[in-house]
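Accompanying notes for the structure given below.
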Amino acid sequence: MARHPDDDALVFDLVDDEGDPDALPGPSAEGDEAPAEAGEDRPPEDPVAAPGRGRWALLVAGVLATVLGTGLAVDGLHDAARVREMRDVRGGVVDVSAPLDEVWAWAGEVGSRRAFVEGQGNQVAALGPLLAFESDGGLLALRASTGEEEWTVPLGPGPDCGPTGYLGWSDLETKVLVCLQGSGDDREVFTVGPGGTPTAPRTLDPEDGRRYGYARPGPDGTVLRARRTGPEPPDQDGAQCPDEGECSGTVEAGRDLLVRAEDAVTGEVRWTAVVPFRAMAAEGCRAAPALPWDRSDDIVRSGERLDPEGFGARIEAGLVQLWGCGFRAGVAAGGAVLGMDGVPGFAWVFGLDTGGYVAQTIAQRSDGTMDSTVYSPEGDVVTRIAGTLDRPRTTDEPREATLLAADPFEGRLRSYTADGTQRWDVPVPDATAQFLAQVGETVVTTTWAGDVRGMDLVTGAPRWSWRAQSGLNDWSYESSYVSQAFTDGQSLLLLLRSGSGDQGLVSLDAATGELVWDGTSSHLLTQRPETMLLTVDGNLLEVSPTGVRRLG
């Protein structure tokens, strides 16, 4: 390989992730391999499973190459740095430059039964290098690189562990899981970290439930409670949601929502927040299966009728998404309220890799366009932008990630930095495009018709285009679209879905759009609509309700 022209000197940073940072990795004094501890099976050698040894091998190869006068040392160090970065970014995979195969498979129940009843999919969490989820009465953790069961924590009746999520709807990474179990006066809570040792259970005060609301696992090692507060609202004259037919009218008055976070281990109050009620079209106050907060199984509450008191949530590691009659809002991990004014509809909040948040709001105007509000990490408004501001689903530069805003009515696509500074504004054939990826100097978008386009990161000028149908000749329907994207920093892995629900994988060169490989006819993926792909510590995992597989 050629030496990188911008590298005049080599700087070595030798750190073994799993050992003494001052010790050089190598053979033990007793032989060529360090002995495994008693009862421990040595996992197969894998560049993800054994990062310390992998980097040592790259170093040795690089030093030899330097002695021989080649550029392998520089290239090896660049590759090692790229692999390390890919483990830490959203949607990052160590290598997708060659067709994938099954590395390991684990069969069993994935996610809580309650999550499936509520239509929230496979609820899982990324806990460092582990994939954690409820399974068969316990909290289970699999090592993403090898598929080994690292630990299992038994759960009592009525378990509720989180924050967990479903990829595409919420972020999955968390540093600690909070588990609630038991019922009534015997409800208790404990936390579990990557090591799998639970804290001593703490019994929840029943009086707190009556005063502050039903307990749920919260972000950053907290227990969340929420309840409506304030005087009872008057009758909703003119607003109705009949059992059959459409809702009509506006709910003009209602009660605010009080949210309270307490430390799961000590019970100390961390923060409280009040989400104010605002007038809302009756459609936003229709009872739904996701309501109320206490996850009641009362069938009557989920009927088609007006429910001014109901509210629900999706709890992530750094954000609580709240919806109910009178509000669509997010609450940051520290308690800052990120409001979303407007009529009910497709509105949400998401966090930024650079810190801060973006709230999407359907504006109260006849054209139905959306506005986006950018918030600082502290919850202060930074700027407001017209259009559906979105972040990339995967990127190799999370600290420099671009935001895109689509304006379908003017046929424009606009690029912004994380602080709201506009970079460019260009016309596009389809301004409903979704933001797939930012890799190197390229931003990649896609449409529901399967058109994938690469654009210059700095100017917005078109670089390349690719159409999903080109690799889907064996599928039942010609129409197909991209549902997920991942990257290794050079290639872009796309999960394609057809009109019939079939799935397949293709890999494109992110810089040129050239097809690297086509796996749409390999039948590698599990053909189930509830199956999702996700990454944990640089490993690509396929998760379904009945098992987990690593693809590599």
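The values are calculated or read from the model by the stated rules, or taken from the named source; none is laboratory data. Just so it is clear, the model here is predicted, and its values are computed rather than measured. As a convention, Cβ positions derive from the backbone with ideal geometry for all residues, glycine included, and neighbour counts pool all protein chains shown. Ligands, DNA and RNA are excluded from the accessible area calculation, which covers all protein heavy atoms including side chains. Shrake-Rupley method; radii C 1.70, N 1.55, O 1.52, S 1.80 Å.
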Would you work out what percent of the accessible area of the range 396-552, with all protein chains in place, is carbon or sulfur (probe 1.4 Å)?
48 percent
Spelling it out for residue 104: with amide H atoms placed in the peptide plane at 1.01 Å from N, the residues 5 or more places away or on another chain with amide H under 5 Å from its amide H are 550
In what sequence, highest mean first, do 194-203, 145-154 appear when ranked by Cβ atoms within 10 angstrom?
145-154, 194-203
At a 1.4 Å probe radius, carbon and sulfur cover how many percent of the accessible area of the range 224-264?
40 percent
Full-stretch length increase - residue 423, residue 456 - with 0.36 nm per residue and alpha-carbon distance subtracted:
10.8 nm
Taking θ = phi - 60°, what integer Hz values does the Karplus form 6.51 cos²θ - 1.76 cosθ + 1.60 yield along the range 131-138, in sequence order, with x for Gly and Pro?
9, 10, 6, 6, 7, 6, x, x
I'd like the Karplus ³J(HN,Hα) series for the range 383-394: coefficients 6.51, -1.76, 1.60, θ = phi - 60°, whole numbers in Hz, and an x wherever there's a Gly or Pro.
6, 10, 10, 6, x, 8, 5, 9, 9, x, 6, 8
For residue 227, which sequence-distant residues (separation of 5 or more, or a different chain) have an amide H within less than 5 Å of its own amide H, given hydrogens modelled in the peptide plane?
258
For residue 158, the residues 5 or more places away or on another chain with a placed amide H closer than 5 Å to its own amide H are 182
With the 1.4 Å probe rolled over protein heavy atoms, the range 194-249 has an accessible area per residue in Å² of 57 Å²
Pulled fully out, how much extra length does the chain show between residue 207 and residue 248, if you take 0.36 nm times their separation in residues and subtract their Cα-Cα distance?
10.9 nm
